[in-house]
Structure formats: C-alpha cells, structure tokens
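Quick note: the coordinates plus some simple rules give every number you see, no bench work behind them. All of these numbers come straight from a predicted model, not from anything done at the bench. Counting neighbours? That spans all protein chains shown, and the Cβs are built from the backbone with ideal geometry, glycine included.
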Amino acid sequence: MLIALNVENREKVDEMVRKAVEAGGSIYADVQDHGWMYQHSYADLDGHQWELFYMDEGAIPQ
C-alpha cells in the first residue's frame, strides 16, 4: 500500500520521516527537492510505503 500525505512545510516532512525511522521504519527513496515541491519517503514496519510532501503552489513554474 502506498500512502501520500501533504504536510504544512519541509521541516514537517523531515520530522515525520525521522520519527518513522527512529520507530523502526526504513527510508526507501532519496529526498526529492524540486524547489516548489519537497518529498521524502519511508516504509513502516508492515511494509506500507509513505510519501510525505510539501508543495508551495505559489512557486510552481509557469
């Protein structure tokens, strides 16, 4: 199962991934920083994949 969540800022993305890894999860993809979108991913202990991202819609290239 893949779960994607939009959070309020980049720091929250990093915080949630850090806490998941500290609780036994594992990172399965590198951070992706596109300037207007920031994303990081982890897998929980049951193998569910979580995609956490922050998107600044005002910074999306035209």
Subset of segment 35-55, residues in a loop (DSSP other than H, G, I, E, B) and surrounded by 13 or more Cβ atoms within 10 Å (Cβ to Cβ), comes to 36, 44
Taking segment 3-26, which residues are surrounded by 14 or more Cβ atoms within 10 Å (Cβ to Cβ) and aliphatic (A, V, I, L, M)?
7, 13, 16, 17, 20
Note on residue 12: of the conditions (1) without any contact (Cβ under 8 Å) to a residue 40 or more places away in the chain; (2) in a helix (DSSP H, G or I), unmet is (1)
